[in-house]
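Peer 1: Right, I'll just put the structure down here and ask away after.
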Amino acid sequence: MHGRIARLLVALLVGLATSVVVGTVVAAPAQADGCYTWGRTLSQGDSGSDVRQLQIRVSGYPGYGNVIAIDGVYGPATKAAVTRFQRAYGLAVDGIAGPQTFGKIYDLQDNDCTPANFSYAELNNCNSSWAGGRVSAAQAKSNALVSMWKLQAMRHALGDQPIRVTSGFRSVACNNRVGGASNSRHLYGHAADLGAGPHSLCTLAKRARHHGFRGILGPGFPGHNDHIHADHRSSRYWDAPSCGI
């Protein structure tokens, strides 16, 4: 009788311990992430602000020469980008954003929504307010966030080695000081200049073609022999002749 009671007590304790562990695992994403938490599985045909948040995180996986719209509509391009993201990180590949996919995003993102290896400070050495450009401060900062997620994808594709950002958002005053083009994408928060580091400039320029950058300027283009300029613009313009682009 005593043995049976002892076994029941052990079973009860094990059951309680298991419930605690399981509860912790289920709740972990929300507890671990201070930026954004998805509340449903997303797949092609869905729409909403949660889809838009997903599109920002997978914007660096559009495929060679492409971009995905950040429009809150889970269409074929978004599904393809999610599929590439899943493949890049060794997840189950189905083009559906569920707990496994969101879990990897939580691992990659900081509490301010930036990817782990880039920061707002890196994308803005002009001022702390993001004001003075061609769009509102909020829009410039939002555009820079998308650029960071593209750079995060590019960084991962290059073996998770650092990418050095030398210039990001610029106000009109900052742009004038450095002699930037009058309608530079830097003024919109859409651009990042990259310096050589673990990777050559040509390696960076060639890789950028796969990660949603419609504008790529580099060695051989006037004024760009010491950096790569990568941006988002309305149509593709790649010019780095010394790199064969």
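The values are calculated or read from the model by the stated rules, or taken from the named source; none is laboratory data. Fair warning: this is a prediction, and the values are worked out from it, not measured in the lab. We place every Cβ from the backbone using ideal geometry, glycine too, and count neighbours over all the protein chains shown. Remember, those area values only see protein heavy atoms, side chains included, never the ligands or the DNA or RNA. Shrake-Rupley method; radii C 1.70, N 1.55, O 1.52, S 1.80 Å.
Peer 1: As a test of the formula, what do you get for the chain when each DSSP H run with n ≥ 4 contributes -39,500 (n - 2.57) and the sum is divided by the residue count, at 222 nm and rounded to the nearest 500 deg cm²/dmol?
Peer 2: -13000 deg cm²/dmol
Peer 1: Still on this structure, please answer the following. Separation of region 213-240 and region 107-178 by C-alpha centroid, Å?
Peer 2: About 17 Å separates the Cα centre of region 213-240 from the one of region 107-178.
Peer 1: Taking 8 Å as the Cα distance limit and 6 or more residues as the minimum spacing, I'd like the relative contact order of the chain as a percentage. Provide the component values of the computation, followed by the final result.
Peer 2: On the way: 436 pairs, mean separation 41.5, N = 245.
Once divided by the residue count of the chain, the mean separation gives 17 percent.
Peer 1: Where does the charge balance sit around CYS243 when Lys and Arg score +1, Asp and Glu -1, over other residues with C-beta under 14 Å from its C-beta?
Peer 2: Working: positive: LYS206, ARG207, ARG209; negative: ASP226, ASP239.
Its environment carries a net charge of +1.
Peer 1: What's the local net charge at SER119, with K and R +1, D and E -1, over the other residues with C-beta under 9 Å away?
Peer 2: Its environment carries a net charge of -3.
Peer 1: Let me know the charge dipole size of the chain about its Cα centre in debye, to the nearest 20, where only the beta-carbon of Lys, Arg (+1) and Asp, Glu (-1) is charged.
Peer 2: Using only the charged Cβ atoms, the result is roughly 280 debye.
Peer 1: Straight-line reach from LYS206: which lysines have a Cα under 20 Å away, not including same-chain ones fewer than 8 places off?
Peer 2: LYS206 reaches LYS150.
Peer 1: With the cut-off at 1.5 for a/c, could you classify the chain from its C-alpha gyration tensor as rounded, prolate or oblate?
Peer 2: Working: a/c = 2.45, a/b = 2.27, b/c = 1.08.
Cα axes put the chain in the prolate bin.
Peer 1: Solvent-accessible area per residue for the chain at a 1.4 Å probe radius, Å²?
Peer 2: Computed with neighbouring chains in place, this is 47 Å² per residue.
Peer 1: For THR41 and TYR237, calculate 0.36 nm times their separation in residues minus their Cα-Cα distance, and state this gained length in nm to one decimal.
Peer 2: Value of the extension gain: 67.0 nm.
Peer 1: For the chain, give the percent of accessible area contributed by carbon and sulfur heavy atoms, probe 1.4 Å, rounded to a whole number.
Peer 2: Summing carbon and sulfur atoms, their accessible area is 55 percent of the total for the chain.
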